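Quick notes on the structure that follows.
The values are calculated or read from the model by the stated rules, or taken from the named source; none is laboratory data. Given the structure is predicted, the values throughout are model-derived calculations rather than measurements. Here the Cβ is made from the backbone with ideal geometry for all residues, glycine too, and neighbour counts use every protein chain on show.
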Amino acid sequence: MGSGLGLLNDKSSYEDNFITRIDPRVKLFFSFALLVLIICTRNVFVHLSVVFFMVAGIIMLRVNKKIFLIRGLPAISIAVAVLATQIFLYGHTPIFTVDLFGVTFSGYREGLARGIVLMCRVLAGIATVLFLTLSTSMNKLIYAAGWFRLPGAFLEVMMITYRYVFVLFDEFTTVKNAQKIRLGYSSPGESVRSLGNLSGIILLRAVDKSEKLHRAMKSRGYNGQQIKVQYNASFTKSDLLVSLGLTSTLGSILFFCR
């Protein structure tokens, strides 16, 4: 596996600690509830409270800092970009002006307020998803999703996607290394050309692998019916206590931040 994708592995979810031992159904349910809460409320303090608790949980998992940064930085960049665009594109009460290349841009009070809300929503959402994926392995997430009666087609797509992300990344690494050996990135023009070729090659190989996978599944008796995913593990006392604690915490956040 390429070193780049190695930073995105879910090694922390296989560690034996209190958080990873929590039933995946509990984590999936409360993560979904948090995402709904994040979307429905405009209270910044609720969003920041979610970020605080999720980051604290990730720290307890002792996740590698590089993994945390490489997963979180893209979302943080998007959040900052949303804040910047809202300041200049929304509102009617100017609070400052910026002259850039002879053009005057005005920042608005309403845009700043709206941008802060949207930025906090993005940060809270990505923190929740990061905590869920770093503390729960993909196979457990699929089992938990099956227990909640999610469509079988959705679960199949999850399994196949997770499997072939790594396969296609290996293909990507192989082709890119071959291009580097042939000085495919020796200049800006060559880099653009090589990246275009690389994208086309990966797309064609993805299509080719999908056809081979379909033929392999058909030869093994696949008839289009979705695989039934069953998760029969029972909830433990710890799971029930954690559920009670999370419910109380959510209620307290909503009560004090209303």
In segment 168-205, which residues are surrounded by 14 or more Cβ atoms within 10 Å (Cβ to Cβ) and of a type in the set (A, V, I, L, M, F, W, C)?
-> L168, F169, F172, V175, L195, L198, I201, I202
Is it true that some residue in segment 86-94 is part of a strand (DSSP E or B) and out of contact with any Cys (no Cβ under 7 Å at 6 or more places or on another chain)?
-> yes
Subset of segment 68-77 [loosely packed, with under 14 Cβ neighbours inside 10 Å and either under 27 Å from E110 (Cα atoms) or hydroxyl-bearing (S, T, Y) (or both)] | L73, P74, S77
Identity of the residue in segment 1-19, over 12 Å from V242 (Cβ atoms) and not in a loop (DSSP other than H, G, I, E, B), that ends up modelled with the lowest pLDDT | S3
Residues of segment 49-67 satisfying the condition of being buried (at least 16 other Cβ atoms within 10 Å of the Cβ) and part of a helix (DSSP H, G or I) = S49, V50, V51, F53, M54, V55, G57, I58, I67
Restricted to segment 158-199, and to residues that are of a type in the set (G, A, S) and assigned to a helix (DSSP H, G or I), which residue is modelled with the lowest pLDDT?
-> G189
With the condition kept exactly as written, say whether any residue in segment 100-110 is in a helix (DSSP H, G or I) and touching a residue at least 12 places away in the same chain (Cβ under 8 Å).
-> yes
